[in-house]
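To start, the structure under review is shown below, and the notes come after it.
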Amino acid sequence: MITSPTWIVRYVADTRRLPIDAQDAWLSAAEEAELAFFAHEDRRRQWLRARWIAKRLIALSSDSTDLRRVEILSRSTSGLGVAPQVFVDGKPTQYRISLSHTGSAVLVGMTTDATSIGVDLAWDVPQDRHFSSAWFSEREQAWLAERPGSASLLWGLKEAIFKSQGDSQTWNPRGVEIESYGEHEVRCSLFGRRLAPLSTWIRTSSRGTATAVWQAKTQDAPVTVRQEFSSCL
Ligand SMILES: CC(C)(COP(=O)(O)OP(=O)(O)OC[C@H]1O[C@@H](n2cnc3c(N)ncnc32)[C@H](O)[C@@H]1OP(=O)(O)O)[C@@H](O)C(=O)NCCC(=O)NCCS
């Protein structure tokens, strides 16, 4: 058994099977207010299911089973999406959370030590030239030309990098430029600022790519035994 993980990535392929209680049993007033922002039933379901998974991860990691002690908020005062902020018993914490949902699937990334993390489920990304030339740089397009069918990999990396490293900017796929991608590491720039290399976790399926990126640790502080990935059907 792995204890005290620095990061956890949890993928749930079919959230319809989750035994989620009635929302008033585990959402705070502020979370209810964020949920009320969404009118579309599918989006409300995605929001609830991702919240439930993320709140359970945090509650379990802080030795509690009471989801009401954990609060995850991801809206600015003007109602725009922002990186989720995590509170326990009303206080800001070191936990960092990133969420992605598509259809009935949810991907959640969590770190316990304030390390920024970003995740993305990039499914059904168009692979055509028109899409590529609109959203990918020339270097990215050249990389894609050598690896047909890899648009979801690049798209997932871009979104995960934005979620992990963005700073109040508006999402623009061209704002994230992938410079090189190797096993377990990506080098990139964000809105013209070169970032330190980021660690990656990537899985592909017939629908697309599940991606997580987080700040790499320095070489003299390996974290290989403090990692966890779990997947539930
Ligand atoms: C990031 C973004 C492109 C993802 O959209 P998507 O691919 O349709 O959806 P995903 O399911 O992959 O991700 C949605 C989750 O990303 C997170 N998220 C949203 N904005 C985020 C941001 N700026 N940084 C980090 N994470 C963000 C949220 O947790 C959201 O889920 P929730 O609303 O259920 O909490 C979109 O949410 C976006 O454009 N956000 C930025 C909005 C903006 O302009 N904000 C200005 C800052 S004040």
So what's the back-of-envelope 222 nm ellipticity for the chain, counting only DSSP H runs of four-plus at -39500 (n - 2.57) apiece and dividing by all residues, rounded to 500? -8000 deg cm²/dmol
Computed Kirkwood radius, in angstrom, where 1/r is averaged over Cα pairs of the stretch 120-223: 13.9 Å
Quick one: among GLU34, GLU71, GLU146, which has the greatest mean-square fluctuation in a GNM of the chain with alpha-carbon springs under 10 angstrom? GLU146
For the chain, evaluate the Debye formula with one uniform point scatterer on each Cα (no solvent term) and list log10 I(q)/I(0) at q = 0.11, 0.18 Å⁻¹, rounded to two decimals. -0.56, -1.46
Enter the accessible area per residue of the chain (Å², integer; probe 1.4 Å; all protein chains in place). 53 Å²
With all protein chains present, the chain has a carbon and sulfur share of its accessible area (1.4 Å probe) in percent of 50 percent
Computed magnitude of the charge dipole of the chain (debye, nearest 20; Cβ of K, R +1, Cβ of D, E -1): 100 debye
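The values are calculated or read from the model by the stated rules, or taken from the named source; none is laboratory data. If you're wondering where the values come from, they're calculated on a predicted model, not measured in any experiment. Note: ideal-geometry Cβ built from the backbone for every residue, glycine included; neighbour counts use all protein chains shown. Ligands, DNA and RNA are excluded from the accessible area calculation, which covers all protein heavy atoms including side chains. Shrake-Rupley method; radii C 1.70, N 1.55, O 1.52, S 1.80 Å.
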